[in-house]
Every structure is written in C-alpha cells, then in structure tokens.
Amino acid sequence: MAIDSGNEAPITSHDDLFSIFRAAETHADAFRIGAEMEKPGVFESNAGGASGVRTYAPVPYEGEKSVVAVLRDLASKGWKPEREKEGGPLIALLKDGASITLEPGGQLELSGAAFADVHAVCWEIGTHLKEIGPISRQIGAHWLGIGFHPFARREDLPWVPKDRYKLMREYLPTRGGHALDMMLRTSTVQANYDYTSEKDAMQKMRVALKLAPLTAAMFANSPWKEGKAYGGLSYRARVWLDVDADRSGLVPALWKKDAGYADYIEWALDVPMFLFKRNGQVFANTGQTFRSFWKDGFAGHKPNQTDWQTHLNTLFPEVRLKKTIEVRSADAQNASIACALPALWAGLFYDAKALDDADALTSDWTHDEWSPLRNEIHMTGVRTKFRGEKLSKIALTILDIADGGLERRARLNPKGKDERVHTAPLRRLVEKDQTPADALLEKIDPSRDLAPQILALTDLAK
C-alpha cells in the first residue's frame, strides 16, 4: 500500500485551518495514550582480527543485513508494508493501529497504538523489542536506547529514501548548523495525548511548553558523541538549540493564559514549508511560508487539507499540536525507564486536579527565563538552577503532582499496581540529583575501552 492519500478539500477560509483541531476533540472517557520510541542501530564487529579492535558501524538502510531486512522480517509476521508510492522503497509498516517507521538516519521507530493506560503502552514497547530481537540477533544488529548516536559521524550514516527527508537534507542546513545531526543522529521517546476542547488543549500546551526544558533535563540521556563523553548530559538537547528557529522551540505565543488554536495557527502559517504533493508528484517549495502558499499558491496550486496536515507534521516545537498533543522534549531511553515519559504526562494531563496544580505552579514562569537556561540544561540536567534552586527540586514537585494524578486514575496492572510504577525509576534518579545520563556515566570504567561498555549499557534488544 502506498502512502499517497488524504483530504483534498481546498482551504478556502481561515476557519478551515481550525478543522483538524476541532475534529480531534474528544470526551475524557475516550482519552488514550500513544508513545513513540526511536532507536539507532549499530553492528559490533571485530575489524582488527587478532588485534581485537572492534568497530561499531551504523546499520545501513538496505542490504542483506540492514534496516530493510528487519522490516521485511516483520512484514512476514503480519505487519503491512508501506511505501510512499507504488514500487517505491519500503519505509514503514502498519499493524493494529501501530506503525514502525524510519527516521532519516535509519533510526527504527515504533509509533505505538493508542491505549487507555500506561501499562498497555509499556507492554507494547516490550512486545516490540521482543519482536525485533530474533532478526536483530540474526543480522548482528543492536538497537540503542539513547538520545544521540554514541559512535557515528554524520558521514557514516545512511539516508532513508523518503521524499521529505531529501528536501530537509538540502534545506535545513541553511537554517541551523546542527540540522543534519538532528535528522541523522538524534533519537527520542515521545508521548501523545488527547484533548476535549480548545480550552483543554491550550492549558495542556501551556503547561507542557513551560515544562519542556525541565522534561529535557529529567530525561537527559545522551552524554557521548563519536565515541567520547562530550562533557554534558544530553547532546540531543544541544543539537535542538541549532536546528531551525522558525519551526522549533517553545512557541512563546502559547504561554499566555488566553491563547487559543488561532495563536498556534498563526505561528504555523509563518513557518516555511518543505513540500506538497499532487497525484504522486512532489513539489518542493522550501522557504515559502504556508501563509504565502495559501495566499499566492505555488506552480498554479493552492493548498488543501492534506497540505495543511503535512505542514503541521513538519513543525518541530518541543510540544506539538496536531490531532493529539505530542510531548517531544525527551531523549530516547533504556527500556527500564522508557515508560516514565508517557506515565509522567498521563498523570499531569489526564487528571483535572493535577493539570490545574501544574498550571498554577508554572503560572508566572516566563519564556525569557527559560530560553537562556536551555543552554545550560543539556550540560547540567536537573542540577541546573532556576530561580535559585535546582531543577531536581522542581522536578520532584512535578512528579508529586503527576503521581497524584496517576493514583487518582487508579489504572491497575495484573499485579494490582497503578501507573506510578512507571514513574518510580525516574523519581529515584531525580532524588539523587541525577538524570539517566548520570546513571550511565557512573557505570563506566574509564580504564577500559569505552565503546563496548556503551553498547552493553544501552542495547535494547539483547
């Protein structure tokens, strides 16, 4: 099946731009949680023969031992292949509301189905890792739970042959010096949530954007670059400071109490586009804002609803508004803590008291305060200071609020435990002023070769 369909209804009025958000509004009883988990792949091989020198090359996109080999194995087990066009390269799989997709550098991503509780989300992640285990062992691939590729240089990595990625590869480096690093070498764990109304969506966006730097600090998990410690805790967070200021960051317009869909739409309209498609043909209009495309058109074409949805998908703020609210500011994690992000935000978003408490706690926080702190957070994590106190203290307050929400939700696993079991590993780190990266660095023996230790600590599909 090719990915080449959508809503061709033209955008004829400003109200048409609101429809994607209004159509997504749902009753609280129908709230679901979805998680996305990216992971880079590496081969460990003995390149030095008797010398014992080992190399850690990225898993290529295609070939006998490749990302495509993994996708084909999964397709033989019930996953449905997806291509951008008939006869095109394999770029994704679908099954039971979930998808397996590829990031530009071949990072393998599970975009999970929507579940009612975090226990199910965590089960899905575990099932996915078990499913890719046999084929990964067969071809010698290791998938790493970490936010930045710890070994590869840019030039070492493959490029997934996807239309959008080709254009991004050419355009984004004109907008930021680390754009290619973002595409090729970063990985994230992301969580997606529903909203009931414009008011509910805007409160959740406001709280999540204000807490995005804190989220990045709590989940800092990428202390290595090209085989060496870079001196900080999240090189992924460092990369995102230098990608494309037009389409990334903290969307300050949404920090105000009376923000609405219109504020997000106005921001999105002024972000340059990448492309649109007509009858399978790709039109590259990089640099043209959607507002200009709507007003002036491009090559005789005017925008439709699919173009608008595609454009919204190419915006990269720390929290993104689409048919769901996407919390995007965390590094990819080891399996033992990957479920903490969806649990944290389920507790904050899906309990009215918790959401109000988080909103009240952050009510006087300003974008001007947080923006410069992002330059410190990637280095010092939860030990960064905000208004004279460590972020770890604020993080514990946020965890208390979220855990209160999870306790009131009272979603139990088969052992009778509620969703707080998934935030507990994160809490243990924060109580020690630590991040996942700190925990990794503590386990490293500096007298031994670093690379095999990194692999052992971060391998997800052992």
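Condition check ((1) crowded, with 22+ Cβ neighbours inside 10 Å; (2) basic (Lys, Arg); (3) within 18 Å of the chain's Cα centre (by Cα); (4) not in a helix (DSSP H, G or I)) across all residues:
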{"site": "ARG137", "(1), (2), (3), (4)": "no, yes, no, no"}
{"site": "GLU155", "(1), (2), (3), (4)": "no, no, no, no"}
{"site": "TRP159", "(1), (2), (3), (4)": "no, no, no, yes"}
{"site": "MET182", "(1), (2), (3), (4)": "yes, no, yes, no"}
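From the residues in region 276-319 that are touching a Gly at 6+ places or on another chain (Cβ under 9 Å) and assigned to a helix (DSSP H, G or I), which one is surrounded by the most Cβ atoms within 10 Å (Cβ to Cβ)?
That would be ASP307.
Determine which single condition ALA437 fails, assuming it passes every other condition in (1) more than 30 Å from PHE43 (Cβ to Cβ); (2) touching a Ser or Thr at 6+ places or on another chain (Cβ under 8 Å).
Among (1) more than 30 Å from PHE43 (Cβ to Cβ); (2) touching a Ser or Thr at 6+ places or on another chain (Cβ under 8 Å), ALA437 violates only (1).
Restricting to region 436-451, what's the tally of residues that are among the charged types (D, E, K, R) and touching a Pro at 6+ places or on another chain (Cβ under 9 Å)?
Here is the first cut: in region 436-451, the residues among the charged types (D, E, K, R) are 438, 442-443, 445, 448-449.
Among the residues that remain, those that are also touching a Pro at 6+ places or on another chain (Cβ under 9 Å) are: 438.
Going through region 436-451 one residue at a time, the tally reaches 1.
Limited to region 59-98, what total is found for residues that are under 18 Å from ILE135 (Cβ atoms), exposed (fewer than 14 other Cβ atoms within 10 Å of the Cβ) and in contact (Cβ under 8 Å) with a residue 12 or more places away in the chain?
4
Residues checked against (1) of a type in the set (Lys, Arg); (2) touching a Gly at 6+ places or on another chain (Cβ under 7 Å):
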{"position": "ARG409", "(1), (2)": "yes, no"}
{"position": "LYS415", "(1), (2)": "yes, no"}
{"position": "ASP418", "(1), (2)": "no, no"}
{"position": "HIS422", "(1), (2)": "no, no"}
{"position": "ARG428", "(1), (2)": "yes, no"}
{"position": "THR435", "(1), (2)": "no, yes"}
{"position": "ALA461", "(1), (2)": "no, yes"}
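Taking the residues in region 370-401 that are surrounded by fewer than 21 Cβ atoms within 10 Å (Cβ to Cβ) and small (Gly, Ala, Ser) as candidates, determine which candidate is nearest to the chain's Cα centre (by Cα).
SER371
From the list ALA220, ALA259, exactly one residue is touching a residue at least 40 places away in the same chain (Cβ under 8 Å) and under 30 Å from ARG154 (Cβ atoms). Which is it? First the steps, then the outcome.
Details: ALA259 fails: under 30 Å from ARG154 (Cβ atoms).
Exactly one of ALA220, ALA259 is touching a residue at least 40 places away in the same chain (Cβ under 8 Å) and under 30 Å from ARG154 (Cβ atoms), namely ALA220.
Tell me, which strands (runs of 3 or more DSSP E) lie completely within region 1-66 with 1 or more residues that are at pLDDT below 90 and of a type in the set (S, T, N, Q)?
On the way: elements: 33-39, 41-46, 54-58.
In region 1-66, 41-46, 54-58 are the strands (runs of 3 or more DSSP E) which contain 1 or more residues that are at pLDDT below 90 and of a type in the set (S, T, N, Q).
Every residue in region 262-275 that is part of a loop (DSSP other than H, G, I, E, B) and touching a residue at least 60 places away in the same chain (Cβ under 8 Å), please. Give the steps one after another, and end with the answer.
As a first pass, look at region 262-275 and keep what is part of a loop (DSSP other than H, G, I, E, B): 270-271, 273-274.
Within region 262-275, PHE274 is the sole residue that qualifies.
Can you name the residue in region 422-462 that is among the acidic types (Asp, Glu), more than 25 Å from the chain's Cα centre (by Cα) and in a loop (DSSP other than H, G, I, E, B) and, of all such residues, is farthest from TRP123 (Cα to Cα)?
ASP449
Restrict the check to region 205-228 and report whether at least one residue is on the phi > 0 side of the Ramachandran plot and either outside any helix (DSSP H, G or I) or crowded, with 23+ Cβ neighbours inside 10 Å (or both).
Let us first name the residues in region 205-228 that are on the phi > 0 side of the Ramachandran plot, namely 226-227.
Imposing the further condition that a residue be either outside any helix (DSSP H, G or I) or crowded, with 23+ Cβ neighbours inside 10 Å (or both) reduces the set to 226-227.
Yes, region 205-228 has at least one match.
The values are calculated or read from the model by the stated rules, or taken from the named source; none is laboratory data. All values reported here derive from a predicted model rather than from experimental measurement. Counting neighbours? That spans all protein chains shown, and the Cβs are built from the backbone with ideal geometry, glycine included.
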